[in-house]
Structure formats: C-alpha cells, structure tokens
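This report refers to the structure that appears directly beneath it.
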Amino acid sequence: MANEEIGIKKIQPGDNQAIFELIQEILESYGLDQPGTAYTDPYLNRLYEFYQEEARGEYWILKKNDQVIGGIGLAPFGEYEEVAELQKYYIKEGFQGQGYGRLLFEKVFSFAKEMNYESIYLETNDLLDQANRIYEHFGFKLLSEPLTGSEHSKMNRWFLLELI
C-alpha cells in the first residue's frame, strides 16, 4: 500500500485493550500464558494507567494504519535508581522483521538517556528466540542470573545494556 501510515506514540487510554490482546496473543502462541510471565501481570489490561504512575517510565504504541501492531515500555527497575527495565516489547506476528523494532528501540534509548539511566535490564524467555536475537543485536549482554527484585519467575534469560 502506498499510503501506509506508521506511527509511534505514547500509550493512551484507548490503546489499553488492543495492546493487552496483542501481548496475550503472542504469549499464548509461545505457551507462555501462565503465572510468572507478563501474561498474568495485574496491570496488563491498564498499561496507560500504570505508566501514568511512573515518573521515569513510559510506554509507546506502534500503529500501522490505525491498527496497534506493537509496543514497548521502559520504567525504573526495583530499588535500582540508575537501572531501567525494558518492558513488554511485542510486535504482532506478520509485522516482525520489518524494522519496526528498531523504531521502538530508538524511542526507548532516547528516553533512557533523557531520564539519566545508566543501564537497561530485561527479563525474557529462551522460547522468545527472535526477540533475544534483537536484544543481542542492540548490544544487550546476557547475564547468568536475574537482578535482585525480579518478579517474573518463568523468565530464564536476563540481559543488561550499559548506556555509559
């Protein structure tokens, strides 16, 4: 389509249901629709409200022709003042591998620097192999164990990116 419109914007209340369904659909497709994953996060269906409460956090929605096709978030991690956590990075099946992830990561990296974070931490699962390759592509280093304060018990891969 010649008139395709791609946009990234901060999450709005009207985006909650679409991103909730997208995240749950992707996790279901990997068999990760279980406790210990983002699937059961109590605020998953109200991400807009969650990120309004995070002074140093934000969530962005990726839209193509007004359809939510992805999202990514960044917020403080636990008690670590200088560490941000990459949160809920998902791109809808059929839209992966087309450069949309790069657009989302550019937002995250810019925001992280603006908020003076020194590093970005993330928790993932080895089943999410495509996402793991993307994290490595952007310079995230695999850790041998999670940082203290980890809440997702089904996650078995942990990455950290030093920003300074």
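Structure summary
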read-out: Net dipole in debye of region 1-85 [+1 Lys, Arg Cβ; -1 Asp, Glu Cβ; about Cα centre; nearest 20]; value: 280 debye
read-out: Net dipole in debye of the chain [+1 Lys, Arg Cβ; -1 Asp, Glu Cβ; about Cα centre; nearest 20]; value: 420 debye
read-out: Selection from L160, G73, Q96 lying farthest towards where the dipole of the chain points positive, charges on Cβ; value: Q96
read-out: For T148, solvent-accessible area (1.4 Å; no DNA, RNA or ligand), Å²; value: 110 Å²
read-out: Beta bridges per DSSP with both ends in the chain, % antiparallel, nearest 5; value: 90 percent
read-out: Fluctuation leader among I91, I19, I134 - the chain, Gaussian network, Cα springs under 10 angstrom; value: I134
read-out: Separation between Cα centres of region 37-68 and region 113-164, rounded to whole Å; value: 18 Å
read-out: In Å², nearest 10: area of F50 left accessible to a 1.4 Å probe; value: 40 Å²
read-out: Percent RCO, i.e. relative contact order, over the chain, from Cα pairs under 8 Å lying at least 6 residues apart; value: 21 percent
read-out: Probe 1.4 Å, accessible area per residue of region 1-133, Å²; value: 49 Å²
read-out: Cubic angstrom per residue, convex hull over Cα atoms of region 32-132; value: 121 Å³
read-out: Trypsin sites (Lys or Arg not before Pro) restricted to region 34-98 and DSSP loop, no more than 15 other C-beta within 10 Å; value: R56
read-out: Accessible surface of the chain [probe 1.4 Å, protein heavy atoms]: carbon and sulfur percent; value: 46 percent
read-out: Anisotropy class of region 14-75 from Cα gyration tensor, a/c 1.5 cut; value: oblate
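The values are calculated or read from the model by the stated rules, or taken from the named source; none is laboratory data. This one's a predicted model, so the numbers in the text were calculated from it and none came from an experiment. For neighbour counting, all protein chains shown are included, and Cβ atoms are generated from backbone atoms with ideal geometry for every residue, glycine included. For the accessible areas, the whole protein counts, side chains as well, though only heavy atoms, and no ligand, DNA or RNA atoms are used. Shrake-Rupley method; radii C 1.70, N 1.55, O 1.52, S 1.80 Å.
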